[in-house]
Amino acid sequence: MTPLLFSTFEVTTQAFYRSTLSYAIVNLKPIVPGHVLVIPNRRVPRLFDLDDQELANLMGSIKRVGDVIQKVYGADALTIACQDGKAAGQSVPHVHFHLLPRKFQGDPFADKNDEIYPILEKNEGSLSSELQKQATAAFSNHLKVDADEDRKPRSLQEMEEEANHLKTFFEETP
C-alpha cells in the first residue's frame, strides 16, 4: 500500500478511506466528533491546481465520506469547508476539505452555527505546527500545546483506532 502524504506529513495510519485519486483521514484536533479531512492524492496547494478528473474524484469522495460520517455520528447535516490558499487561512499547502458532522441537538454550535468558522480557521492555523510537533516528537502520546487550548491533539493510537473503526463502513475501493 502506497504511503499517504498530507503535504510532507505521512498520514497513512490515520486514513480510513481511499479512492483512486483521493483519501480521507481522521482529524488531529477535531472540532466536533467525526471531524475528518478529505484530501486529493496529488499534493497541490490550491483547488484550481487540480485537473477535472481529480476534482470530480475529490467531490465524489466528499459525498461518499460525508454520507458515511453523517450516519456514523448520528448527524443531521454536515459543514463542509475548504480554506483555499494562505489568505483564506490554509496552513498546510495541500488542498483539503473539512467535513464536520452537525446536529440539531447536542452540537456545541447548534445555537451559534456560524461560530464554527472562526474555530475552524484557528484549528487550521495550528494544524501545520501540530503536525510538525507530532513528526518531531516521533508521534509521542503527549504533545505540547498552548495551555489555553481546549482541544488537545490526539495521540497516533487514538487516531488509528478511529480510522480503523471508520474503515469498517467502507467497502474496498479501486
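The values are calculated or read from the model by the stated rules, or taken from the named source; none is laboratory data. Just so we're clear, the structure is a prediction, and the values are computed from it rather than from any experiment. Because the Cβ atoms are built from the backbone with ideal geometry, glycine has one as well, and the counts that use them run over all protein chains shown.
The table below gives the values:
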item: Some residue of the range 54-77 being touching a Leu at 6+ places or on another chain (Cβ under 7 Å) and within 19 Å of P153 (Cα to Cα); result: no
item: Identity of the residue in the range 49-77, out of contact with any helix residue (DSSP H, G or I) (no Cβ under 9 Å at 6 or more places or on another chain), assigned to a loop (DSSP other than H, G, I, E, B) and touching a residue at least 24 places away in the same chain (Cβ under 8 Å), that ends up surrounded by the most Cβ atoms within 10 Å (Cβ to Cβ); result: Y73
item: Subset of the range 17-37 [under 22 Å from L50 (Cα atoms) and under 13 Å from the mean Cα position of the chain (by Cα)]; result: Y17, S22, Y23, A24, I25, V36, L37
item: Residue in the range 69-92 that is of a type outside the set (D, E) and in contact with a Ser or Thr (Cβ under 7 Å, 6 or more places away or on another chain) present; result: yes
item: Failed item, numbered, when F9 is tested on (1) in contact with a Lys or Arg (Cβ under 7 Å, 6 or more places away or on another chain); (2) modelled with pLDDT under 95; result: (1)
